[in-house]
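The values are calculated or read from the model by the stated rules, or taken from the named source; none is laboratory data. Remember, it's a predicted structure, so these values are computed and weren't measured experimentally. As a convention, Cβ positions derive from the backbone with ideal geometry for all residues, glycine included, and neighbour counts pool all protein chains shown.
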Amino acid sequence: MTASHSATPAPHDLAGSWQLVRFVYCWPDGRELAPLGDAAGQLCYLLDADGEPGRMAVQIVARDRPPFDMASEASLAAHFRSGFAYAGQWALEEDQVHHDVDLASLACWEGARLSRTVRLQGGRLTLTTDQPSPQRPEGGYVTLLEWRR
C-alpha cells in the first residue's frame, strides 16, 4: 500500500531505495535555489527483522563536478562542497521522519536528529524541513527533497 498525501505513512511505505528527483531551497516569496545545481542522489530506508525502522543512508552529489585533482587543495574543497552523505537510525512519528545521524560527511551532523515532514503521493516521496542547512545557516527557507522509486 502506498500512502497518499493525506494518510500517515507507515514504515513499510518508506522502506526501500529512492532516487533523487529534485533538491531545492524554497523561500516564502517563491524564490528557489538548487544548492548543488543538477544533483543526483539515493536514499535508502531499511527495516529491522520486526518490520520496524532500522538503518537509513542518503548521498547527494552535484552531477556537474570538475575533474578531481588530488594535488590541489582547491579541487579537494570544491569536491567536498559538491555533495554530502550521512547514515544512521530512522524513526517515523505521524508525518515526521527522524534521521538520527551517527556517520556523516559533515561532522556537525554526527549525533544530530534531522527531522523531515513526509508526504507520499503516487510513488513520489517528498521530504521537507525548515531546519537551516550548513550551506545557508541564515535560514528563512524550506528545504525540499523529492524522491521516486
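A few points about this structure:
For (1) outside any helix (DSSP H, G or I); (2) free of Cβ contacts under 8 Å to residues at least 40 places away in the same chain; (3) in contact with a helix residue (DSSP H, G or I) (Cβ under 7 Å, 6 or more places away or on another chain), each residue gets a yes or a no:
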{"position": "GLN19", "(1), (2), (3)": "yes, no, no"}
{"position": "TYR25", "(1), (2), (3)": "yes, no, no"}
{"position": "GLY30", "(1), (2), (3)": "yes, yes, no"}
{"position": "ASP50", "(1), (2), (3)": "yes, yes, no"}
{"position": "GLY54", "(1), (2), (3)": "yes, yes, no"}
{"position": "ASP64", "(1), (2), (3)": "yes, yes, no"}
{"position": "PHE68", "(1), (2), (3)": "yes, yes, yes"}
{"position": "ALA78", "(1), (2), (3)": "no, yes, no"}
{"position": "ALA87", "(1), (2), (3)": "yes, yes, no"}
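- Residues in segment 13-25 that are surrounded by fewer than 19 Cβ atoms within 10 Å (Cβ to Cβ), closer than 14 Å to ARG148 by Cα and within 15 Å of the chain's Cα centre (by Cα): ALA15, GLY16, SER17, GLN19, VAL21, ARG22.
- Residues within segment 54-73 that are modelled with pLDDT under 90 and among the basic types (Lys, Arg), tallied: 1
- When segment 26-83 is filtered for residues that are closer than 19 Å to GLN135 by Cα, surrounded by 13 or more Cβ atoms within 10 Å (Cβ to Cβ) and small (Gly, Ala, Ser), the ones remaining, listed by number, are ALA39, ALA40, GLY41, ALA62, SER75, ALA78, SER82, GLY83.
- Some residue of segment 115-131 being at pLDDT below 95 and among the hydrophobic types (A, V, I, L, M, F, W, C): no
- Verdict on ALA10 being out of contact with any strand residue (DSSP E or B) (no Cβ under 7 Å at 6 or more places or on another chain) and either surrounded by 15 or more Cβ atoms within 10 Å (Cβ to Cβ) or closer than 23 Å to GLN121 by Cα (or both): yes
- Residues in segment 4-11 include none that are modelled with pLDDT of 95 or more and in a strand (DSSP E or B).
- Any hit, segment 93-108, residues being in contact with a helix residue (DSSP H, G or I) (Cβ under 9 Å, 6 or more places away or on another chain), surrounded by 15 or more Cβ atoms within 10 Å (Cβ to Cβ), of a type in the set (A, V, I, L, M, F, W, C) and touching a residue at least 40 places away in the same chain (Cβ under 8 Å): yes
- In the set ARG136, ARG119, ARG124, ARG113, only one residue is without any contact (Cβ under 8 Å) to a residue 40 or more places away in the chain, surrounded by 13 or more Cβ atoms within 10 Å (Cβ to Cβ) and within 17 Å of the chain's Cα centre (by Cα); that residue is ARG113.
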